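This report refers to the structure that appears directly beneath it.
The values are calculated or read from the model by the stated rules, or taken from the named source; none is laboratory data. Computed from a predicted model, the values in this text were never measured in an experiment. Note that we place each Cβ from the backbone using ideal geometry, even for glycine, and neighbour counts take in every protein chain shown. Please note that ligands, DNA and RNA were not included when accessible areas were found on the heavy atoms of the full protein model with its side chains. Shrake-Rupley method; radii C 1.70, N 1.55, O 1.52, S 1.80 Å.
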Amino acid sequence: MGMTMTQKILAAHAGLDYVEAGQLIEADLDLVLGNDITSPVAIHEMDKMTVDTVFNKDKVALVMDHFIPNKDIKSAEHCKCVREFACKHDITNYFDVGEMGIEHALLPEKGLTVAGDVVIGADSHTCTYGALGAFSTGVGSTDMAAGMATGKAWFKVPSAIKFNLTGKPSKWVSGKDVILHIIGMIGVDGARYKSMEFTGEGVANLSMDDRFTIANMAIEAGGKNGIFPVDEKAAAYMKEHSKREYKVYEADADAVYDEEYTIDLSQLKPTVAFPHLPENTKTIDEITEDVVIDQSVIGSCTNGRIDDLRIAAEILKGRKVKKGVRCIVIPATQAIYLQAMEEGLLKIFIEAGAVVSTPTCGPCLGGYMGILAEGERCISTTNRNFVGRMGHVKSEVYLASPAVAAASAVTGKISAPSELGL
Amino acid sequence: MKANGTVFKYGDNVDTDVIIPARYLNSSDPAELATHCMEDIDKDFVNKVKKGDIIVADKNFGCGSSREHAPLAIKAAGVSCVIAETFARIFYRNAINIGLPIIECPEASKGIESGDEVEVDFDSGVITNKTKGTSFKGQPFPEFMQKLIASGGLVNYINDKNR
């Protein structure tokens, strides 16, 4: 019986020739990640351990991105705790205000994650790096602490679901629509504990930013990781961003999958997840009533990359955000921010009446920078629409692509770009 | 080792945002987090919960973010055990790591209601609904996990072992 792509990476990092689903292994880690919310808990746990320092100061990444620039005194104390730890242990990849970005956009951009890696992060969207052909998964703070101390983590080897992608997505359909379609199909626990392995000739028709978005939301189907094959686009991305050697693993031809789905990308339509679960999806043509919105957020680890901003700008160019709607655009990293400025995208956003923010996770998790009041509705390119996720327990979040979020900001209700004649 | 308490029953997909909303994640103090535990799904929970009480839920308990603050808040609120039909994987791992007992048992999840008095025997894995006079067989806790829970979490457990 052959191995899946994920199983091959895990076997290699456990020093084994072969692993199978359900097996418990201990794997060497290429990177251990934490942010300003999860790292303080991990640091506290590591302080209790009988170790002097981290296993490798180059293989720990600490990214201040959730509540920074500090939103209040308590957040400032958290960041201070992490800053002092990073300084004490001489952590190479510590990213604070001015250098930081949203962690899952930042790490690939900085070349810190490449194909073949095993990465754990104390943030559930750590699964994003599967877009590059790495095994990466979210863990809690105690696992992060153990990972920082030992450079190892235990895993139960996952089985996998195979998604065979064919065809080419149409103009306003992007990675977000692909993953929302899949979550709508299999449910928020449809891939619980499993790998989601994406394959097929359709992968070539997805940009790297599309793939990051898709792998990012594997957790929203309960997945342990999402992973893509390494093709020319992925290789070119890594060559541009990283000095590190990468290693390509491919699933065996006789690898066994729990389930297989074929998805024709050309048939997908802009898709929106209604409150309060990412699986409550409707295609844009299935939304028959006006869903009036108060806010549109374009950003996050899911959709704050340059492709996302270009799409939003293409729609907002020469148009105005509807009176009464707050449109908040958040480039995910400093480099993306700068690129958007040089391409004139920020000018388009500001002229349209949107605001542009420094990189932050802020509104996605109801932290700050766009909290919703009772009864308010937000269309958002973020990843979760749980009860109270972005603010008041009686507010509503609708998840969608940058194209739909931008078009909706203009019309004031959930809209496809086609409603603007695009 | 046994847990004994009154049950708070919830449905499918109880996510970590309702267990502990992110607006409170500017703190990592378990006692402070506990004062907001389950706030967005059951605002009376923190007023009603007593030490030893038990949470029972349906599918995919703890889905969503990786915040360890979620099991920390539940544990610090005094909850002695969480029983669910299934758990989301990061929550499952986090709960064990911090020493919060959790059991997957679909039958128990279906056969227990809010307000029932329930006893969980970790040695045998038997869950008894004392109110309804029924019992269910969950997985017994292996010895290492009982020690881990007694130590108060993975880090203390490793330190105790090395001592």
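Note on the stretch A:194-277: enclosed strands (runs of 3 or more DSSP E) holding 3 or more residues that are closer than 25 Å to A:Ala406 by Cα are A:271-273. Of all the listed residues (B:Phe91, B:Phe136), the sole one being of a type in the set (Phe, Trp, Tyr) and farther than 25 Å from A:Val188 by Cβ is B:Phe136. Being free of Cβ contacts under 8 Å to residues at least 40 places away in the same chain, farther than 27 Å from A:Cys127 by Cα, buried (at least 16 other Cβ atoms within 10 Å of the Cβ) and touching an Asp or Glu at 6+ places or on another chain (Cβ under 6 Å) holds for only one residue in B:Asn94, B:Asn129, and it is B:Asn129.
Counting just the residues of the stretch A:56-87 that are more than 14 Å from every other protein chain (Cβ to nearest Cβ), more than 25 Å from the chain's Cα centre (by Cα) and open to solvent by 60 Å² or more (accessible area, probe 1.4 Å), which one comes out farthest from A:Lys110 (Cα to Cα)? Filtering first and then ranking leaves A:Glu84. Just wondering, is there one or more residues in the stretch A:196-213 that are within 12 Å of chain B (Cβ to nearest Cβ) and more than 17 Å from A:Ser266 (Cα to Cα)? No; the residues of the stretch A:196-213 include none that is within 12 Å of chain B (Cβ to nearest Cβ) and more than 17 Å from A:Ser266 (Cα to Cα).
Restricting attention to the stretch A:100-148, the residues that are in a loop (DSSP other than H, G, I, E, B), more than 8 Å from chain B (Cβ to nearest Cβ) and open to solvent by 10 Å² or more (accessible area, probe 1.4 Å) add up to 2. Per the conditions (1) open to solvent by 10 Å² or more (accessible area, probe 1.4 Å); (2) in contact with a helix residue (DSSP H, G or I) (Cβ under 6 Å, 6 or more places away or on another chain); (3) under 20 Å from A:Ala406 (Cβ atoms), the sole criterion not satisfied by A:Ile186 is (3). Within the stretch B:46-55, can one find any residue that is closer than 26 Å to A:Ala218 by Cβ and either out of contact with any helix residue (DSSP H, G or I) (no Cβ under 9 Å at 6 or more places or on another chain) or open to solvent by 20 Å² or more (accessible area, probe 1.4 Å) (or both)? Within the stretch B:46-55, none of the residues are closer than 26 Å to A:Ala218 by Cβ and either out of contact with any helix residue (DSSP H, G or I) (no Cβ under 9 Å at 6 or more places or on another chain) or open to solvent by 20 Å² or more (accessible area, probe 1.4 Å) (or both). Only one of the listed residues (B:Ala31, B:Ala70) is touching a helix residue (DSSP H, G or I) at 6+ places or on another chain (Cβ under 6 Å), closer than 30 Å to A:Lys394 by Cβ and surrounded by fewer than 22 Cβ atoms within 10 Å (Cβ to Cβ). That residue is B:Ala31. You will find that of A:Thr358, A:Thr333, the residue that is open to solvent by 10 Å² or more (accessible area, probe 1.4 Å) and in contact with a helix residue (DSSP H, G or I) (Cβ under 8 Å, 6 or more places away or on another chain) is A:Thr358 and no other.
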